[in-house]
Amino acid sequence: MRSRVVRELTGAGFVLSTIFLGAGRAEADSPPESPDVGGDVSETGDASIARARVITGLPGWPGVRSLWRELDGMGPSENGYSFGVLDWEQAGLMRGKLDGLAAEMTAALEDEGLSAVELRLVVDVARMRIEMMSTGLPSMLTRMMPPPVEYDKGALLEEMEAQIDRLVELRESGLIDLGQLRSATGRILDTFMAVSVLNAVSQNFGYPYMYDFEGRYRFGDGADSVLDAVQMADMALAELERQFDSLAGPEAPEYVDTEDVRLRYRATMDTVEEVRGAVTGTGFLLGDLLLGDV
């Protein structure tokens with residue numbers, strides 16, 4: 001069973017998951033909040049979709065979609081989706097194009113007084129896809145062993161690529177109706193949002209503080225294993241809470257900088273809350289990236 005997940009249909013017609021409702025704490029030293037599935041979620045979702053509609057109307061959006069679709073069209077190499085799918089020169093050109101579009105569109109949104117969080121999530125995941133296909137999973141790029149949450153993020157990125165490939169096959173076969181195609185984006189969105197949450201945990205908190213976390217959530221054996229993206233993200237957040245309690249509590253080891261722990265925890269949860277508030281709009285953007293011309 002998936003915990004703290006509310007599935008809802010949006011006007012775009014595909015399934016979304018408002019995951020991690022009420023995750024985290026209002027203050028770094030306060031007790032955990034109970035999951036909140038109240039009315040503010042829909043209000044946040046409405047604002048998120050409104051921003052997403054503005055984003056899809058910006059002149060740079062077709063360029064982002066074109067780049068995303070170019071990545072969609074790249075199948076796995078003999079190494080899977082990690083390393084060798086893109087050569088370094090091509091990857092560099094794609095990164096440059098993506099960064100230029102992102103800067104231009106972010107400036108346009110800021111000029112209108114709008115948050116660019118949904119655009120940032122799309123650009124961040126697109127950049128991760130480019131890096132994975134060219135130089136390998138993020139965990140392969142570090143000199144020191146990365147925290148296990150980074151391995152999980154990489155595994156989910158590969159899973160998302162496989163999900164996208166299956167959707168592309170369905171879309172191009174013409175043997176499945178539009179409603180089924182749109183529903184299939186729901187699982188991709190789960191994975192996309194989980195990658196975003198795991199990235200927040202890894203980059204803000206994981207590297208200094210989560211090395212003893214064995215975050216493997218596979219069901220079954222070998223090639224039949226199924227990655228549950230939402231559960232992976234839920235469990236990473238639960239481990240984040242456990243580590244915070246251990247490292248910032250009254251019995252924290254003397255060598256730990258508890259103020260640094262608190263700051264990193266707060267930064268992580270602020271980012272997770274941003275992700276939570278952007279689920280519906282990001283789903284709208286993802287639907288356009290995957291199915292915009294169907």
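Rule-based calculations on the coordinates, nothing more; no lab input. Just so you know, these numbers come straight off a predicted model, no measurement behind them. Virtual Cβ from ideal backbone geometry, glycine too; neighbours counted across all protein chains shown.
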Inset, instruction - Rounded to the nearest 0.05, what FRET efficiency do GLU273 and ASP177 give with R0 = 45 Å and r taken as the Cβ-Cβ distance? Could you check? - result: 0.80
Legend entry - Footprinting exposure proxy for TRP61, TRP88 (fewest neighbouring C-beta atoms within 10 Å first): TRP88, TRP61
Legend entry - Phi-based couplings in Hz for the range 89-97 (Karplus 6.51, -1.76, 1.60; Gly and Pro marked x): 5, 4, 4, x, 5, 5, 4, x, 4
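Among rounded, prolate and oblate, which fits the range 54-175 when a ≥ b ≥ c are the square roots of the eigenvalues of its C-alpha gyration tensor, a/c under 1.5 means rounded, and a/b larger than b/c means prolate?
Working: a/c = 1.85, a/b = 1.30, b/c = 1.43.
It comes out oblate by the Cα gyration axes.
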Legend entry - Projected label distance in nm at ALA162 and THR258, using a 7 Å step from Cα toward the beta-carbon: 4.4
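For GLU241 and THR135 in one chain, what is 0.36 nm times their gap in residues minus the Cα-Cα distance, to one decimal in nm? List each step's numbers first, then the result.
On the way: separation 106, 0.36 × 106 = 38.16 nm, distance 3.21 nm.
This chain segment gains 35.0 nm when fully extended.
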